[in-house]
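I have placed the structure first, in the form of structure tokens, so that the comments after it can refer back to it.
The values are calculated or read from the model by the stated rules, or taken from the named source; none is laboratory data. All of these numbers come straight from a predicted model, not from anything done at the bench. When we count neighbours, we look across all protein chains shown, and the Cβ atoms used for this are built from the backbone with ideal geometry, even at glycine.
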Amino acid sequence: MKAGNIISFGGKRSGDQGVTLREGYNGTINACRQLLVKFLPQRMDALFERLDDVLYTHADKAGNDKSQAAYFEAMRILRREREQIQSAFNKGVLGRFDRFWTHGPGSVPNDAPDASFTSDELGLVESDDLEEGLAITGMVSKGNNSFYRDLYALDELFSYLLNGTTIGEAGNPLAPASFGAAFKQSMATLEVTLAVKLVIYKQFEKEVIGQLAPLYDQINAVLAKAGIQPEIKPTVRRNSPYRASGSSGYGATAEGAAYAPGEDPGLQAEVFATLQQLLMQRRPATQSVSTSVQYVDSMNLLSALSVLQHQGDQVAAAGQALDAGAMRNALLSMPQIGQAASGKVAIGRSDDDTIDVISMLFEFILEDPGLSDAMRALLARLQIPMLKVAILDKSFFSRKDHPARRLLNAMAQAAIGWTEESGRSGDGLYAHIESAVGRILTKFDDDLTLFDELYEQFAAFLEREQRGAHVAEERAAQVTQGKEALVEAKRHVADEIGHCLSNYGAVPDVVQNLVRDGWNDVLLLIYLRKGRESEEWTDAVNLMDHLVWSVMPKPSHSERQELLRYIPELLKALRAGLAGISYNQHKMTRAFKGLQARHLACLRGGRALESADTDQADEDNQADGAGDVMEEIVLESVDARSAPIESEPDQFDAQARELEVGTWLELTEEDGTVVRAKLSWRSNISGSCLFVNRKGMKVAEVTQQGLGVWLRSGKAEVLPAVSVPLMDRALNSMLATLNRSASTTPGGKKEE
């Protein structure tokens, strides 16, 4: 127990482990605690003060309103919760420090994150918990790497104070893992997005974990003043438990201590360590290791792989990749591996696990429905080069911007729209991917910069190709949108005309013909140019209504006087409107002659006969023409709009309705031809969908209901989202498979 800021040791022995504190050092430990009490609020204040600026910067650079709002909301929440988070964090760290001296190293809660996860904790990589866990493990591993000498010294000093008790990995209450675990617990109830949490953890790494050196120096000084200065062996780097695991050849020295600028060394081996743990759980427990086995050196293994790499075309020609067992057998038979005196040669565990992982990754690639058979076979030839990359650099599994991984993802993403009909020759996509694969097979030894070079070349090709595709796609969308807008305009005009004529009953043929053959186009032009909300549209509709009214019987004197005053204005507006659409002059003259006869009849108090002043045959011809126009309008309207649904909507109709723009489909025609098409545009009016190929050319246009029929019949199959890179999908799938396998092994059976 502690009283105020002083630890009460209650004698010299305490705790379940029976740790014994050396006599006379209670004050020294309390002095160290006071340094910690002073350090924590200083660093947390710095963290929160800096966080406000960092989150504001992220909000300013946010790609959309939703993300921006999330950052601003996080700033508000952090201001509100700051005191509670700081208090919980301080208590967590001090609690670990106090329990260490009263109950021993084992009493420090073993909830500090590390590089491995149990299968239950892991779940699928898509889990937010995994992302958060990797952020914590990254900062912890980086801190361990940066302060390994200080931590090793503190372990030795604390062990001395506890009469030789072994501290053990993660047992030191001042190790980065202790701070990371306490901060994660203090953040547990904070209701912000994962993106915001990752920003906070990154800032915590800079302001707290990255600033531990002064604390360690001060504590070492206090202990040195008390005469506690055990000898630190020069081999500390090799034996220290704080050494970063899984150091790689990519920007790393032989000691594994150096990292390329901008890298996060803590994350380099996290995903691979997780895969190793799951592979271990998957293997039979009866496997044993013989002490007489000689393990293959990684350099010799890489040399053997280089030989296989140049022989790989024979395997890849059939679109097949070597499974892990075949790969091991092939490697162990190579002269580059050599033979042990005992005759027993084996591949080391880390390299052996890498072979398993890469084999599983390429099994996924060969089964990926997003790739055509030809593209699968082409990318499968990269199995051995990617295996060499992974042996050289374990960050291949965790770094999404790794040069080799980035190139593989770019080629796979571009290939999703490619089919055999696209062709393999010339300057097309297949030829560029084939060229890149060929250069890797012939040129790649251990220089990863080759992948950067190939990526830049491939990206430049894609940019050129996509510029042309974008122009073609926009043109196709504009044509389709224009067609739909015209059909919709015709439908609205037809509705307006029908409504107007139905209000007056029997309308003379000459007016019906004039409205449907002439004024129809006037209304259509105004609708397309100005819209239904415009003043011009309202005036034109009102004029049509007045035209029909003008030829209806006028029994009262006042009505006839009103008609007499209105006729000049009506005829003038009609003539101007029809001239605006270049209406046939002969038809206009005949129509106005017919109107004159009807207006005279109305002014006399009656209505002229249908045949008056007009040749009946001409009017019949005009009526037939009007019928053709209306038939065209009706037919186009029905074609653009979905027919009534006779059955209840099912999951395929829902899938068609929810399909996002940018989604790729594989369409199988009746003759067996396979076409890949992207949903480029969907109408907000009718729901009709426009599909284009990878060059932006129109492939199909179908109603939403028709798309549901395609999906239901199997004519259309949705391909994996191209927004999720191939390597990410492969890792997700593989981890899920290993997870399920591990949970059913004898050591991890599922609960019934």
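Being more than 25 Å from MET334 (Cβ to Cβ), among the hydroxyl-bearing types (Ser, Thr, Tyr) and out of contact with any strand residue (DSSP E or B) (no Cβ under 7 Å at 6 or more places or on another chain) holds for only one residue in SER372, SER350, SER359, and it is SER372.
Assessment of the stretch 687-704 against the conditions (assigned to a helix (DSSP H, G or I) and modelled with pLDDT of 80 or more) yields at least one matching residue.
Of all residues in the stretch 583-607, none that is over 12 Å from LEU571 (Cβ atoms) has its Cβ atom under 8 Å from the Cβ atom of a residue that is aromatic (Phe, Trp, Tyr), 6 or more apart or on another chain. Just so you know, in the stretch 413-449 the residues that are part of a loop (DSSP other than H, G, I, E, B) and of a type in the set (S, T, N, Q) include one that is surrounded by the fewest Cβ atoms within 10 Å (Cβ to Cβ), and it is SER425. GLU569: loosely packed, with under 14 Cβ neighbours inside 10 Å and under 20 Å from HIS492 (Cα atoms), yes or no? Answer is no for this residue. Within the stretch 49-75, residues that are assigned by TED's automatic domain parsing to the domain that holds GLU207 and in contact (Cβ under 8 Å) with a residue 12 or more places away in the chain reach partners that are acidic (Asp, Glu) and in a helix (DSSP H, G or I) with beta carbons closer than 9 Å, at six or more positions or on different chains, in the pairs ARG50/GLU207; LEU51/GLU207; TYR71/ASP60; MET75/ASP52.
Rundown of residues vs (1) buried (at least 16 other Cβ atoms within 10 Å of the Cβ); (2) over 60 Å from the mean Cα position of the chain (by Cα), yes/no style:
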{"residue": "ILE497", "(1), (2)": "yes, no"}
{"residue": "ASP509", "(1), (2)": "yes, yes"}
{"residue": "ARG516", "(1), (2)": "yes, no"}
{"residue": "ASP521", "(1), (2)": "yes, no"}
{"residue": "ASN542", "(1), (2)": "no, no"}
{"residue": "MET552", "(1), (2)": "yes, yes"}
{"residue": "LEU564", "(1), (2)": "no, yes"}
{"residue": "ALA576", "(1), (2)": "no, no"}
{"residue": "TYR583", "(1), (2)": "yes, no"}
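Among the residues of the stretch 428-482, those that are in contact with a Lys or Arg (Cβ under 9 Å, 6 or more places away or on another chain), hydroxyl-bearing (Ser, Thr, Tyr) and at pLDDT 75 or above comprise TYR430, TYR455. In the stretch 710-730, of all residues being in a helix (DSSP H, G or I), under 17 Å from the mean Cα position of the chain (by Cα) and not basic (Lys, Arg), the one that is surrounded by the most Cβ atoms within 10 Å (Cβ to Cβ) corresponds to LEU726.
In the list LEU707, LEU679, which residue meets the criterion of being modelled with pLDDT of 80 or more, part of a helix (DSSP H, G or I), in contact with a strand residue (DSSP E or B) (Cβ under 7 Å, 6 or more places away or on another chain) and farther than 18 Å from SER372 by Cα? Matching residue, one of LEU707, LEU679: LEU707. Residues that are surrounded by fewer than 23 Cβ atoms within 10 Å (Cβ to Cβ) and either among the hydroxyl-bearing types (Ser, Thr, Tyr) or closer than 17 Å to GLN276 by Cα (or both) do occur in the stretch 368-382.
Against the definition (among the charged types (D, E, K, R) and surrounded by 15 or more Cβ atoms within 10 Å (Cβ to Cβ)), how does ARG491 come out, yes or no? Against the criterion (among the charged types (D, E, K, R) and surrounded by 15 or more Cβ atoms within 10 Å (Cβ to Cβ)), ARG491 qualifies. Sub-6 Å Cβ pairs linking a first residue in the stretch 89-116 that is closer than 29 Å to LEU275 by Cβ and in a loop (DSSP other than H, G, I, E, B) to a second residue that is charged (D, E, K, R) and at pLDDT below 90, at least 6 apart or interchain, are ALA115/GLU270, ordered by first then second residue.
Take LYS400 and tell me if it is surrounded by fewer than 21 Cβ atoms within 10 Å (Cβ to Cβ), over 23 Å from ILE440 (Cα atoms) and in contact (Cβ under 8 Å) with a residue 40 or more places away in the chain. No, not satisfied.
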